[in-house]
Amino acid sequence: MDLPGNPPALLEEDLLHLRTLNRNLGAYRGLLQCLASWVRAHGGASISLLDVGTGCGDIPVALVEWGKRHGVPVRVVGLDPNPIAARLARTRTQDFPEISIVMGNAFEPPFRPPAFDFVLSSQVLHHFPDDEIVVLLRKWATLASKGVLVSDLVRHPLAYAGILLVTRLLTRNPMTRTDGPLSVRRALTLKEWDRLFHRAAVGPFDLKRLFPFRVFALIRHGQP
């Protein structure tokens, strides 16, 4: 899905498959637990969040719906460089006035810092080499008054075998069948994630492993 010139229909279907995988394989769990803990510590706080690489906009929708269930006002901006993804996300979030979709580059987000409480990277960073991950974390920290949230994959042979099987059972879409296993191969181990967060030196962080083969981190920044 990272290559230019992908057929629009294949990419749209792949993004919707990613939504299905996110929902069923725990991509929301660490994020919602983290934000619930933050809200408990800060009373009736509202939340503003930038979702980098928003894809079809499923995470912004999940966040807003969670906020409504718990009485927490949530405002989300979904950022994506791909015009097909941005169009799909706008369509799928059009009934949510709390969500805005913006086309833009992860390295140069079109916002004046600090524009948000949190910046979220979900299943995005494994697409970049280590040096660029460090650059991105430092850039995003300037936009986040509270912290940077990272939800991503953990590299493991069982994770690779599992996603290989799941994608072949789920679809015939060649993009999904290729990107799922490739993402696991590109992912980092827990120790490698820890090393990169230390190297970025954005701030103190909490890093935890989640089932199945996922990692979630809150990198605290600014005032609590």
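The values are calculated or read from the model by the stated rules, or taken from the named source; none is laboratory data. Quick caveat: nothing in here was measured; it's all calculated off a predicted structure. Cβ: placed from backbone, ideal geometry, glycine included. Neighbour counts: every protein chain shown.
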- Note on the structure: Within the stretch 105-159, of all residues that are touching a residue at least 60 places away in the same chain (Cβ under 8 Å) and of a type in the set (Gly, Ala, Ser), the one nearest to residue 188 (Cα to Cα) is 151
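Quickly run through the stretch 52-85 and pick out the residues that are part of a helix (DSSP H, G or I) and either touching a Gly at 6+ places or on another chain (Cβ under 8 Å) or touching a residue at least 60 places away in the same chain (Cβ under 8 Å) (or both). Can you show your working first?
Filtering the stretch 52-85 down to residues part of a helix (DSSP H, G or I) leaves 58-70, 83-85.
Scanning the stretch 52-85 gives 59, 60, 84, 85.
For the stretch 86-101, what are the residues that are among the hydrophobic types (A, V, I, L, M, F, W, C) and part of a helix (DSSP H, G or I)?
Within the stretch 86-101, 86, 88, 89 meet the criteria.
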- Query: Are there any helices (runs of 4 or more DSSP H) wholly within the stretch 138-214 with 1 or more residues that are under 18 Å from residue 119 (Cα atoms), and if so which?
  - Reply: 190-200
- Query: Considering the stretch 27-51 alone, what residues qualify as being assigned to a loop (DSSP other than H, G, I, E, B), in contact (Cβ under 8 Å) with a residue 12 or more places away in the chain and closer than 20 Å to residue 148 by Cβ?
  - Reply: 27, 28, 45, 46
- Give the stretch 140-163 a look and list any residue that's out of contact with any strand residue (DSSP E or B) (no Cβ under 8 Å at 6 or more places or on another chain), at pLDDT 85 or above and not polar (S, T, N, Q), or say none. 156, 157, 158, 161
- Item | Failed item in (1) charged (D, E, K, R); (2) surrounded by fewer than 17 Cβ atoms within 10 Å (Cβ to Cβ); (3) touching a strand residue (DSSP E or B) at 6+ places or on another chain (Cβ under 8 Å), with residue 185 passing the rest | (3)
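Could you tell me whether residue 180 is surrounded by 21 or more Cβ atoms within 10 Å (Cβ to Cβ), closer than 18 Å to residue 55 by Cβ and not aliphatic (A, V, I, L, M)?
Details: surrounded by 21 or more Cβ atoms within 10 Å (Cβ to Cβ): yes; closer than 18 Å to residue 55 by Cβ: yes; not aliphatic (A, V, I, L, M): yes.
For residue 180, the condition - surrounded by 21 or more Cβ atoms within 10 Å (Cβ to Cβ), closer than 18 Å to residue 55 by Cβ and not aliphatic (A, V, I, L, M) - is met.
Check whether at least one residue in the stretch 169-177 is of a type in the set (Lys, Arg) and touching a Ser or Thr at 6+ places or on another chain (Cβ under 7 Å), and report yes or no.
Yes: one or more hits.
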- Note on the structure: residue 88 passes all but one of the listed conditions (1) buried (at least 21 other Cβ atoms within 10 Å of the Cβ); (2) more than 29 Å from residue 162 (Cα to Cα); the exception is number (2)
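Residues being touching a strand residue (DSSP E or B) at 6+ places or on another chain (Cβ under 6 Å) and not aliphatic (A, V, I, L, M): count how many of those fall in the stretch 83-108.
If we filter the stretch 83-108 for residues that are touching a strand residue (DSSP E or B) at 6+ places or on another chain (Cβ under 6 Å), which is where we start, we get 86, 89-90, 93, 98-102, 104, 106.
With not aliphatic (A, V, I, L, M) added as a condition, the list becomes 90, 93, 98, 100, 104.
Looking only at that region, the number is 5.
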